[in-house]
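Before any comments, here is the structure.
Every number here is computed from the coordinates shown, using simple stated rules; none is lab data. Source: prediction; values computed, not measured. Glycine gets a Cβ as well: all are built from the backbone with ideal geometry, and neighbour counts include every protein chain shown.
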Amino acid sequence: MSDKVLLDYGSGGRASHRLIKDLFLKYLGGPALNRLDDAAFIEDMHGPLAMSTDTFTIYPLFFPGGDIGSLAVHGTVNDVAMLGAEPRYLSCAFLLEEGLDMQDLENIVRSMSEAARNCGVQVVTGDTKVVPRGAADKMFINTTGIGRIIADPAPSGSRAEPGDAVLISGTMGDHGLAVLAHRQGLSFETDILSDSRALNGLTCNLIRQVGNVHVFRDPTRGGLATTLNEIASQSGMEILVHEERIPVHREVQAGCSFLGLDPLYLANEGKFISILPETLAEKALELMRSHPAGRDAALIGHVREGHRGRVILKTSLGGHRLLDMLEGEQLPRIC
Ligand code: MG
């Protein structure tokens, strides 16, 4: 194969087949994918099911703590997990720009394969398109995931209830700041890594061992502030969170001050919000902190009746301020 991606690789002809066999099947192959039929044959899934899709356009392709390949697996696996489901299968579509370095593509596909293995999902169907130079920026990936829902009822952003505790699984803003600092060539005191990781191991443990989770939601684009606003408005509730209880790495805080950003609006790719009855909060926190994905878990606030759809931040100085949703994206191509 050439050391650059050629238009022929997306042709559906002999060159495409070589790419599929020598690259995609080599790393992502399995019983379903290897059949090379028009669709994946799946015989072991019974409802209720959760399904989610996401397209990854992150720039740059490789960033501290991850790359577009592992991110494309984690992002979709996590969205499926947020419905109280055990993710099982993924589809994966690549949109490649002519001239992309083959070594970069191979590294990304290998990284996807490792990520998929680590979170227990199989890639069962896929697609590759190559567009002429300039028609896309290097590569974009779409993944769709499907999983079996193991929570009854399934968690939903609309199920927050008055008195519920609001928990987060760890520090806020790591992914957003890591990518931004890398893009701008800024180096801070310590290198900040993206938190990109799969959350299904921990969310499934919470469902099985604590139960009655009302809401799971991963605060990706728009960060914690935006995601809490979505939950407050879906549930018709007010949410109060305490600034000093929200864990933020010292380096992320410093980077945010330097760049004039707020960590509560920065993207996370390996954290989740969990909202459940106050009586279960201690047990949930203990379980979260004993798992690598939840070491810095914290109870940051509560749900209450009040102004529907409003999120209030109690500041470290004791004042209150409205934690609003952003008008638009502050960092394009962050995932
Ligand atoms: Mg999500």
* To do: Can you tell me the order of 99-107, 274-282 when each peptide is scored by its average per-residue count of other Cβ atoms within 10 angstrom, highest first?
  => 274-282, 99-107
* Of all alpha-carbon pairs in the stretch 7-149, indicate the percentage at a distance above 21 angstrom. => 40 percent
* Relative contact order, percent, the chain [alpha-carbon distance under 8 Å, six or more residues apart] -> 22 percent
* Structure fact -> Taking a crude spin-label model, label points 7 Å out from Cα along the C-beta direction, the Arg308 to Asn212 distance in nm is 2.6 nm
* Structure fact -> In order over the stretch 194-205: 3J(HN,Hα) from phi, Karplus 6.51/-1.76/1.60, θ = phi - 60°, whole Hz, x for each Gly or Pro, gives 4, 8, 3, 6, 7, 10, 5, x, 6, 5, 5, 4
* Asked: On full extension of the chain, what length is gained from Ser233 through Asn34, given 0.36 nm per residue of separation minus the C-alpha to C-alpha distance?
  -> 67.2 nm
* Structure fact -> Amide H contacts under 5 Å for Glu86, restricted to residues at least 5 apart in sequence or on another chain and with H modeled in the peptide plane, are Arg148, Ile149, Ile150
* Structure fact -> In nm, the gap between the two label points placed 7 Å beyond Cα toward Cβ at Arg289 and Asp8 is 6.0 nm
* Asked: Considering the alpha-carbon set of the chain alone, what are its Rg and its Dmax in angstrom?
  -> 20.6, 67
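How long is the gain from Asp127 to Met51 if the chain were fully straight, where each residue apart is worth 0.36 nm and the alpha carbon distance is subtracted? Don't skip to the end; give the middle numbers.
Details: separation 76, 0.36 × 76 = 27.36 nm, distance 1.83 nm.
The span from Asp127 to Met51 would gain 25.5 nm if fully extended.
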* Structure fact -> For Gly126, other-chain or 5+-apart residues with amide H closer than 5 Å (H placed, Pro excluded) are Cys92
* Report the longest stretch of the chain that contains none of the trypsin sites (Lys or Arg not before Pro) sitting in a DSSP loop with at most 15 other Cβ atoms within 10 Å. => 134-294
* Structure fact -> Once the in-chain neighbours fewer than 8 apart are removed, the aspartates and glutamates whose Cα is under 18 Å from Lys314 read Asp164, Glu238, Glu243, Glu244, Asp262, Glu305, Asp324
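The stretch 52-116: percent of C-alpha pairs farther apart than 13 Å? Let's see the in-between values first.
Working: 1335 of 2080 pairs.
Roughly 64 percent, once rounded to a whole number.
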* Structure fact -> Where a ≥ b ≥ c are root eigenvalues of the Cα gyration tensor, a/c under 1.5 meaning rounded, otherwise prolate if a/b exceeds b/c and oblate otherwise, the stretch 157-322 counts as oblate
* Structure fact -> In deg cm²/dmol, rounded to the nearest 500, the helical mean residue ellipticity at 222 nm of the chain, built from -39500 (n - 2.57) for every DSSP H run of length 4 or more, is -8500 deg cm²/dmol
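What does the net charge come to around Pro162 if you take all other residues with beta carbon closer than 14 Å to its beta carbon, with K and R at +1 and D and E at -1?
Working: positive: Arg159, Arg304, Arg308, Arg310; negative: Glu161, Asp164, Glu238, Glu278, Glu305.
Taking every other residue near Pro162 into account, the sum is -1.
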